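The values are calculated or read from the model by the stated rules, or taken from the named source; none is laboratory data. The structure displayed is predicted, hence computed values, not measured ones. Cβ sites come from the backbone with ideal geometry, for glycine too, and all protein chains shown count toward neighbours. Accessible surface areas use protein heavy atoms only, side chains included; no ligands, DNA or RNA. Shrake-Rupley method; radii C 1.70, N 1.55, O 1.52, S 1.80 Å.
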Amino acid sequence: MIKFCTTNTYLLTLMGLILFGFFQSELINAQTVDAHINGVTAYQIKNQYDKIVGWSVYVEFDKNFDATNQIDLLNDNKPSNFRLININDTTSVPVSEVKFVIVPGTTDNRIKLFIPSPESLNMDGLYHLYALNIHFKGQPSKNVLQHAIEIKVNNVGITEKPEIDKTSSPNTNPRLNINPQEEPKPKVDFTPSKSRDNSDIYGSYELTSVRHKPKTGTGDVKISIPFYTNLWHQTNKISPFVDFKSSSDAQADPDSFKFGIEWVYPVYVGDNPDERFPFTEVDLINTGKIEAPKNFGNVNAILESKFVFPSSRLLKKVKFLKIYLDPNIGIEIGKNLKSPLKAAEGNGIYRPFFGANLIIQAPIKNVSLLKGFEFESAYTRRFPLSRELTFKNNEDGTKSLISFSKGPKDYSNSKLTFKINDIFGPYIGFEWGSLPPNYNFVDHKWTLGLLFKSKIKIK
Amino acid sequence: MLNDEQAIKIVGDCIRAVSHIDIVDTTASLDENEISDSLRINNLITLIVNSNAIGVPSVFHRISPSVLSDVSSDTIVNELIDTVRDESTEVQVNFIEELASLMSTHLLKHLQINSNKKDSKSSKTLKASHKKSGGKG
């Protein structure tokens, strides 16, 4: 009986130990950080007489440290945790000092190593860095971190890069993964954009259902190719664009074709990093465009100039929402170049306007099917200074002249998009008001559609 | 060329000046640092390229806006820091040195483009001759 009890106790203790070991290892695994080194660059250190006295090596990680955490300080600033190997002769390069690169106002994810001897590294050598026992905010790295070292000379425009053995280095830096034997080819990537106005490629198709009227479909495509240039000490963005809207409804306003150039000039950009007032930027957006229906029967030339006041994020205390409000004020000036009715031809257009763009984003994390919601609403009030003339198609095939009053014309357009990914998603739209040139009044129109919006990256 | 500290300071300060956040997370995207659309990105680029107070000119360097044309809301801040660090060139105090520096930079770019063209031409010729010979040798 006593023997049975003792055996049972032994077995229970053994099981307890096994379970304790299992949970302990699970706990350690759960607390490790899957970090990587993004890049390692070495620079010469010169003294006041321009003599090379050593090297400083910057190591960039993809996770942040906490420079005040004792575990991080103890492990990450220890020179013996960094092994710098010369691949040519497999010798080790001594590291004398390690410290965090701390810049106020930014997180810390770089470490600087000092190599005291100028002969330790040279331009023709191949070097690799191994970082052991590195901690991020008190948690150890899952793997031994490693990366090839890029050696840089401080002279303007001259850099030397070591050859990278792609099989041994799991680096994520795209510049180090370039195959020199590969023939250069243009690479086109699509990246997310926030709204129709700042998309390089924008496409949507929507179905509209109104009581007592047949369902209609509307397609909207915009393509714009931007480039940057410096003018008057500011960086300007100039984008030629083509914009096409087509509808199955013969009377619809959106049946239009526009092309032109958009020029964004930053009039004022506040340069105080500690500023808290949300409106510190003023941009002037000039757009010269030709707008016409698909058959080019009625052609208008329009110059639109508007000042936009983009805000920083508003109501920062509401953590789960990102809210931006961009008020604008401007004028549209133009002339009718061609019209089916002689009376409307050459008619001038002068329309001051003001409005605002409201963007509310609610990102959702850890859900694979939905990345978040985005609500975008634009409101514009136009004040036509002259009686604008246009025409309408009569049922008997003739055209008759229409004149509009000088009263203010409002237009509001809102969209709630369900973001399946950053560039694609279904949306619910709401439209109200009247838009030039025909000022057809849209009374609370609800739409359902699919949206694709993206910026182009050509490498 | 700038060092890492200078590039981090420039990019960090410019992001904070546009988005008004307290701390810039350099491992996150510009969108996560509240620079979310092309207008704000354009303003950020303007500060980096032109601001004498916090931009690249504040450390007597210059950078061309064209090297930042790929920047979008999903660009990781660290990538932008590396671009600013690698693409900035020192402004020479002496006018002649400045002119010589500009000319050498342009010449270097021109030579690089030409050598790329030559490489692609020679590889095409090689491929063509390989096809003609029926893939032998």
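Quick notes on this structure:
- Test: residue in the stretch A:294-301 that is under 20 Å from B:ILE35 (Cβ atoms) and either assigned to a loop (DSSP other than H, G, I, E, B) or aromatic (Phe, Trp, Tyr) (or both): no
- Scanning the stretch B:33-68 for residues that are more than 14 Å from the chain's Cα centre (by Cα), farther than 29 Å from A:ALA362 by Cβ and more than 7 Å from every other protein chain (Cβ to nearest Cβ) returns B:ASN52, B:PRO57, B:SER58, B:VAL59, B:PHE60.
- Among the conditions (1) at pLDDT below 85; (2) closer than 20 Å to B:ASP82 by Cβ, the only one that A:ASN109 does not satisfy is (1).
- Looking at the stretch A:56-124, the strands (runs of 3 or more DSSP E) lying wholly inside it that each contain 2 or more residues that are in contact (Cβ under 8 Å) with a residue 40 or more places away in the chain and within 14 Å of chain B (Cβ to nearest Cβ) sit at A:108-115.
Residues checked against (1) within 25 Å of A:ASN357 (Cβ to Cβ); (2) open to solvent by 10 Å² or more (accessible area, probe 1.4 Å):
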{"residue": "B:THR27", "(1), (2)": "no, yes"}
{"residue": "B:LEU44", "(1), (2)": "yes, no"}
{"residue": "B:VAL56", "(1), (2)": "no, no"}
{"residue": "B:ASP86", "(1), (2)": "no, yes"}
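To keep it simple, each residue is scored yes or no on (1) buried (at least 18 other Cβ atoms within 10 Å of the Cβ); (2) modelled with pLDDT of 65 or more.
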position: A:LEU17; (1), (2): no, no
position: A:GLN24; (1), (2): no, no
position: A:LYS51; (1), (2): no, yes
position: A:ASP72; (1), (2): yes, yes
position: A:PRO79; (1), (2): no, yes
position: A:ASN86; (1), (2): no, yes
position: A:THR90; (1), (2): no, yes
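- When B:ILE96 is tested against the conditions (1) modelled with pLDDT under 90; (2) open to solvent by less than 30 Å² (accessible area, probe 1.4 Å); (3) more than 8 Å from every other protein chain (Cβ to nearest Cβ), the lone failure is (2).
- Residue within the stretch A:98-110 that is small (Gly, Ala, Ser), more than 30 Å from the chain's Cα centre (by Cα) and under 30 Å from B:VAL91 (Cα atoms) present: no
- Evaluated against (1) within 14 Å of another protein chain (Cβ to nearest Cβ); (2) at pLDDT 90 or above; (3) over 21 Å from the mean Cα position of the chain (by Cα), A:LEU325 falls short on exactly one condition, (3).
- One residue from B:THR105, B:THR83 being touching a Gly at 6+ places or on another chain (Cβ under 6 Å) and either part of a helix (DSSP H, G or I) or of a type in the set (Gly, Ala, Ser) (or both): B:THR105
- Pick from the stretch B:69-84, criterion at the interface with another protein chain (Cβ under 7 Å from one of its Cβ atoms) and buried (at least 19 other Cβ atoms within 10 Å of the Cβ), ranking: farthest from A:TRP232 (Cα to Cα): B:ASN78
- Those residues of the stretch A:299-319 which are away from chain B (no Cβ under 14 Å) and either free of Cβ contacts under 8 Å to residues at least 60 places away in the same chain or open to solvent by 20 Å² or more (accessible area, probe 1.4 Å) (or both), in sequence order: A:VAL299, A:ALA301, A:ILE302, A:LEU303, A:GLU304, A:SER305
- Scanning the stretch B:3-31 for residues that are farther than 19 Å from A:PHE279 by Cβ, in contact with a Pro (Cβ under 9 Å, 6 or more places away or on another chain) and more than 7 Å from every other protein chain (Cβ to nearest Cβ) turns up just one, B:ASP31.
- Residue count for the stretch A:414-440, restricted to those that are open to solvent by 60 Å² or more (accessible area, probe 1.4 Å), within 30 Å of A:ALA301 (Cα to Cα) and modelled with pLDDT of 75 or more: 1.
- Candidates are the residues of the stretch A:229-270 that are open to solvent by 70 Å² or more (accessible area, probe 1.4 Å) and at pLDDT below 70; the one that is nearest to the other protein chains (Cβ to nearest Cβ) is A:SER248.
- Some residue of the stretch A:143-155 being within 35 Å of the chain's Cα centre (by Cα), crowded, with 17+ Cβ neighbours inside 10 Å and modelled with pLDDT under 85: yes
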